1. Rounded to the nearest 5, what is the percent of antiparallel bridges among the DSSP beta bridges in the stretch 2-110?
2. List VAL85, VAL90 from most exposed to least, where exposure is judged by having the fewest other Cβ atoms within 10 Å.
3. Can you count the Lys pairs in the chain with C-alpha separation below 23 Å, eight or more apart or on different chains?
4. Just tell me, in residue order, which DSSP H segments of the chain are both 15 angstrom or longer along the helix axis (alpha-carbon based) and at least 0.5 in mean Kyte-Doolittle hydropathy.
5. If you average the C-alpha positions of the stretch 60-101 and of the stretch 1-37 separately, how far apart do those two centres end up, in angstrom?
6. Using +1 at the C-beta of Lys and Arg and -1 at the C-beta of Asp and Glu, which of ILE21, ALA32, VAL90 has the Cα lying farthest in the positive direction of the dipole of the stretch 13-93?
Amino acid sequence: MNFAQEIKGNSLILRISGDLIGEDNGTLLISAVNDSLTHQVAVCIIDISELRYINSSGIGVLITILTKFRNKGGEVYLMNPSESVNKLLVITKLNAIFQIIKSEDEISQKK
């Protein structure tokens, strides 16, 4: 797994590529989230368009991120899931918990 992070205004944008598996990968993501929450970031956009595979530990990482943001009054958006990741979100019913968007522009339309 590789990821890049960027802060735009009050939004943290995480771009994840590769496979989100295991605790080691997730620890890096959660650390990035914790750092951003100390800077008054209220929105997390996770671009998963380049995510090939995610296992149960990876799902746990996404849920941890969601919980951290919602506990601070924020929100998490999953952007552009691949077909295989989208199927997993539907099967696990996580598509009902996470807000799934196609672009960053959709967030302003939802407000």
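Read-outs throughout are calculated quantities, based only on the coordinates presented, and are distinct from any laboratory measurement. Just so it is clear, the model here is predicted, and its values are computed rather than measured. Glycine gets a Cβ as well: all are built from the backbone with ideal geometry, and neighbour counts include every protein chain shown.
1. Values: 7 of 24 bridges.
Expressed as a percentage, antiparallel bridges in the stretch 2-110 total about 30.
2. On the way: VAL85 19, VAL90 13.
Lowest to highest Cβ neighbour count: VAL90, VAL85.
3. Total qualifying Lys-Lys pairs in the chain comes to 16.
4. Values: long enough: 22-37 (23 Å, 0.08); 56-71 (22 Å, 0.77).
The qualifying helices are 56-71.
5. The stretch 60-101 and the stretch 1-37 have Cα centres separated by 13 Å.
6. VAL90
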